[in-house]
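Contents: one structure, followed by commentary.
Nothing in this text is a laboratory measurement; each read-out follows from the coordinates by a stated rule. Predicted model, so just to flag it, every value in this text is computed and none were measured.
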Amino acid sequence: MPDDSRLLAVMVIGAVITFGLRTIPFAVIAPMRRSPVVQHLSLAMPAGVLTILAIYFLRDIDLTDARSGGPQIVGLLVAVGLWRWRRNVSLAIVASTATYMLVVNLVPGLHT
Amino acid sequence: MILGLVNSTLALMEMTPAEAVRGGVQDTLPFALAIVAFGAAFGLHVTESGFAWWWAPAFGIFVFAGSLEFLLVDLALGGASLATVALTSLLVNSRHAFYALSHPLHRVRGRRARAYAMYAMTDDSYALTTGRPPEDMPGSRVLAVSAAVQAWWVAGGLLGALGGAALGDIEGAEFALTATFVILALQACRTAPDRVAPVIGLVCGLLAVGLVPAQALLVGSGALVLILTLMFLSGSTHA
């Protein structure tokens, strides 16, 4: 049985940091707006950070193991394909996750 | 007298609070299903990981940060150090720090209302509240959007956590995380001013995952910020 007290500690840390990230900038918003570095980072950084996050989550995909890699590739194809077709982020995420879950749970031999 | 006329006209143009609230909730409707579904995936992941169902709404209320909530559950399961949890939270939600630059907080009146508006600034509520010019977003509409997004999210979490228990052993909800970041990354690269940051992110990410897999997020994005800042300060990047 996983540890509830640990999850609580993790939740509190995540909550405090998230709240800080969202509120503190408002307190320094004037200097933030004046700083060319901040302006530049606000445009450039999100794309870079999200790319790193995407790679981080893709690293688990084992292309040599068809049983785990296969459903993930299928899910990604659905996600990217739908996004390119409809330009709708939510649709791509929901449909690809549903596809992945259907494949992993219903195709014989894939459920661990 | 002219000032009086201008003031009256402006007052007429301003929506009544009830209309603003209704408008705010309606703004969230196109995304409600997706938010509920993503929330349900999270709720499912919570119970599939062995935690009690009420952790899902607890996270939705106290953290209220979709993708990070998934990660926090995994970090707790994996026995990560609290320092790792802190750094991961900092990183994954670092993009929220920049949202302040364009969020219409100045339209929200009252300290508690403002505190809520800031606390509820997720990707979704940020996108919705900045989707219209600030003149069209009275404070009550901003609050209504944020509250509605949170309601959908917490409801989804409950649905997934409670429904998951009924459905039995269903796998795969965590794929929502991979899909989310791949799509958000593609989206951000499309709207980024140039290819520089994404390419640097790609290189930093690949190297970090290859060399220091346990601290890949921290090392990769630390390097990214450092490189971007140095490039900017040395004038080799156009602002």
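The table for this structure:
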| read-out | value |
| --- | --- |
| Among B:22, B:107, B:195, residue whose mean-square fluctuation peaks in a GNM of chain B (springs only between Cα atoms under 10 Å) | B:195 |
| Within chain A, helix-based [θ] at 222 nm, where runs of 4 or more DSSP H residues each add -39,500 (n - 2.57), nearest 500 | -28000 deg cm²/dmol |
| Projected area, mean over directions - the protein assembly as shown, Cα convex hull, nm² | 19.9 nm² |
| Selected from B:42, B:64, B:31 as most flexible by GNM, with chain B as the system and alpha-carbon contacts under 10 Å | B:31 |
| Long-range Cα-Cα pairs in chain B (distance over 22 Å), rounded percent | 61 percent |
